[in-house]
Every structure is written in C-alpha cells, then in structure tokens.
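*Asks:* Next up is a structure, given as structure tokens.
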Amino acid sequence: MQAKRWTLGFDTSAAHCAAALLHGERLIEARAEDMPKGQAERLMPLLDEMLARAGIGWRDLAVIGVGIGPGNFTGVRISVSAARGLALALGIPAVGVSTLDALAAGQPRPLRAQIDARRDEVYVQDFTATGADAPQMMPRAQADAEAAQRHMPLREGIAPAELATAIARLAAARADTPQPRPAPLYLRSADAAPPSDPPPVILD
C-alpha cells in the first residue's frame, strides 16, 4: 500500500492567491486571499506559511498541483512558473489542472462548467459521462441560451479555497500517470497594452 503523500495545490488565475495542502486524501488546510494584484509577491510566502503550520518542509512534498487557467493572463503565468520551478528544484511531478476541470470535479454529469471571462464573455466546457468537450470562450448570452436549450446543469464559479482543493485532489490522482508539464491554458489573447512589469518567465 502506497504511503500517504503530501500534495500542494495552488492557483492565481483570478483576483486571488489560493492554496490547499493534502496528506493522502485528507485536507490539511485550504486558504485563499483576495487580491487584484500582488500574487507574484504573495504566493511563495503563503505556501511557506501553509507548510510551516502543517509542520513539514518543501522536501516532504510529493506532488505539486497548479491551476493553469483559463483566467488572468499574468496570474496564470505566475502559478505555472512557480510550479515548474518547484518541481525542478524538488524533483517531484507538477500537474497542471484547468480551472474548468476543477469546477467539474466530483460533480454529476452531464455538466457545464463556466467561469466569468469579463467583457460579457465566459469560459465554458461541457462534461459528459464519457468525456469532455474542448474548453472555449463565448458571449455570456450565447452560453446561457445554449445551456437552457440543452437542459445542461450549470456550475459557475466556486470559492478560491475550494478551487485550490480541487486542483490538489486532481493533481494527486493524476501524478502517477504521464502528464505534460504545466502550461498556461489561454482562450483569449493578452491585452494589446503590455503590463508595466514583465510577466514571469516560464521555465523550459
């Protein structure tokens, strides 16, 4: 029987910094802080604090789970670059989990997972008993009409701490199978105006 493993999941795909720590299947802590900016400065201290409260160190971790979006362009890159760096330094797997996949985790199927993309648009993905459609972005009015026409149950948004927990659980379940390196899932191009600070570099 495999020993219980420590899994750390985190997400900065929206205006939050969220993380969850699992020991085996048991949730040790889930925490989220609302923040429209500053995730790059806050993420690592938040994770350090969570590990310290659990009485473990970075070398005790066996799996890293990270939210890959869709979501905020820079926010997604912050988490993904952190996850890749940690996985490389610790020699453990990093598993990317889409926020739409995390929304649908553990829910009855069929289901439409939906996230506000702002500008009267939404990110959507339909899940059935046999699989899932490709994620896409569409006008909210179109998405609402489609869901009503197809009688598709809708799940739109969850609390950031719950999102981080779902990411950690899915990462733990997938870590023993071959997984691609986490990479941002972008369904919308970055805004034309560049940010004042350059985004974090994604490690190759």
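*Asks:* For a label point 7 angstrom out from the Cα of His151 toward its Cβ, which stretches of the range 88-115 have the backbone nitrogen within less than 20 Å?
*Replies:* 108-113
*Asks:* With the Cα gyration tensor of the range 99-153 giving a ≥ b ≥ c as the square roots of its eigenvalues, does the rule (a/c under 1.5 for rounded; else a/b larger than b/c for prolate; else oblate) give rounded, prolate or oblate?
*Replies:* It comes out oblate by the Cα gyration axes.
*Asks:* Let me ask another. Where the accessible area of the chain is counted over protein heavy atoms with a 1.4 Å probe, how much of it, in %, is carbon and sulfur?
*Replies:* C and S atoms contribute 54 percent here.
*Asks:* Take the Cα atoms of the chain, find their three principal axes, and give me the spread along each one in whole Å, biggest first.
*Replies:* 50, 47, 29
*Asks:* Using only Cα atoms and rounding to the nearest 10 degrees, what angle (0 to 90) does helix 140-149 make with the longest principal axis of the chain?
*Replies:* Around 80 degrees separate the two axes.
*Asks:* Turning to a different aspect of this structure: What is the range 1-92's relative contact order, in percent, from Cα pairs under 8 angstrom and six or more apart in sequence?
*Replies:* 32 percent.
*Asks:* Once R0 is set to 30 Å, what does the formula 1/(1 + (r/R0)^6) return for the Cβ-Cβ distance between Gln142 and Ala15, expressed as a FRET efficiency to the nearest 0.05?
*Replies:* For R0 = 30 Å, the calculated efficiency reads 0.75.
*Asks:* Give the Rg (one decimal place) followed by the Dmax (whole number) of the range 92-194, computed from C-alpha coordinates and expressed in Å.
*Replies:* For the range 92-194, the Cα radius of gyration and maximum Cα-Cα distance read 14.6, 45 Å.
*Asks:* Taking the convex hull of the Cα atoms, report for the range 9-52 its projected area averaged over all directions, in nm².
*Replies:* Result: a mean projected hull area of 2.9 nm².
*Asks:* Defining a contact as two alpha carbons under 8 Å apart and six or more residues distant in sequence, what relative contact order in percent does the chain show?
*Replies:* 26 percent
*Asks:* Would you please classify the overall shape of the range 1-116 from the alpha carbon gyration tensor, given that a ≥ b ≥ c denote the square roots of the eigenvalues, rounded means a/c under 1.5, and beyond that prolate means a/b larger than b/c while oblate covers the rest?
*Replies:* oblate
*Asks:* Multiply the residue gap between Arg59 and Thr130 by 0.36 nm, knock off their C-alpha separation, and tell me the result in nm, one decimal place.
*Replies:* Taking Arg59 through Thr130 to full extension adds about 21.8 nm, to one decimal.
*Asks:* Compute the FRET efficiency between Glu41 and Ala159 as 1/(1 + (r/R0)^6), taking r as their Cβ-Cβ distance and R0 = 30 Å, and round to the nearest 0.05.
*Replies:* 0.85
*Asks:* Let me ask something additional. Hey, what angle do you get for helix 39-54 against the long axis of the chain, alpha-carbon based, 0 to 90 degrees rounded to 10?
*Replies:* The answer is roughly 50 degrees.
*Asks:* Check Ile68: other-chain or 5+ apart residues with amide H under 5 Å from its amide H, H built from backbone geometry?
*Replies:* Val97, Ser98, Thr99
*Asks:* Using helices alone, what [θ] at 222 nm do you get for the chain, with -39,500 (n - 2.57) per DSSP H run of 4 or more residues, divided over all residues and rounded to the nearest 500?
*Replies:* About -10000 deg cm²/dmol.
*Asks:* Nearest 10 degrees is fine. How inclined is helix 73-90 to the longest principal axis of the chain, computing both from alpha carbons?
*Replies:* That helix lies at roughly 30 degrees to the long axis.
*Asks:* With the cut-off at 1.5 for a/c, could you classify the range 139-186 from its C-alpha gyration tensor as rounded, prolate or oblate?
*Replies:* Here the range 139-186 falls in the prolate category.
*Asks:* Per residue of the range 158-168, what does 6.51 cos²θ - 1.76 cosθ + 1.60 with θ = phi - 60° give for ³J(HN,Hα)? Whole Hz please, x for Gly and Pro, Karplus curve as stated.
*Replies:* Karplus values, whole Hz, x for Gly and Pro: 9, 4, x, 5, 5, 4, 4, 5, 5, 4, 4.
The values are calculated or read from the model by the stated rules, or taken from the named source; none is laboratory data. None of the values given here were measured: they were computed from a predicted structure. Note: ideal-geometry Cβ built from the backbone for every residue, glycine included; neighbour counts use all protein chains shown. These accessible areas exclude ligands, DNA and RNA; they are computed on the full protein's heavy atoms, side chains included. Shrake-Rupley method; radii C 1.70, N 1.55, O 1.52, S 1.80 Å.
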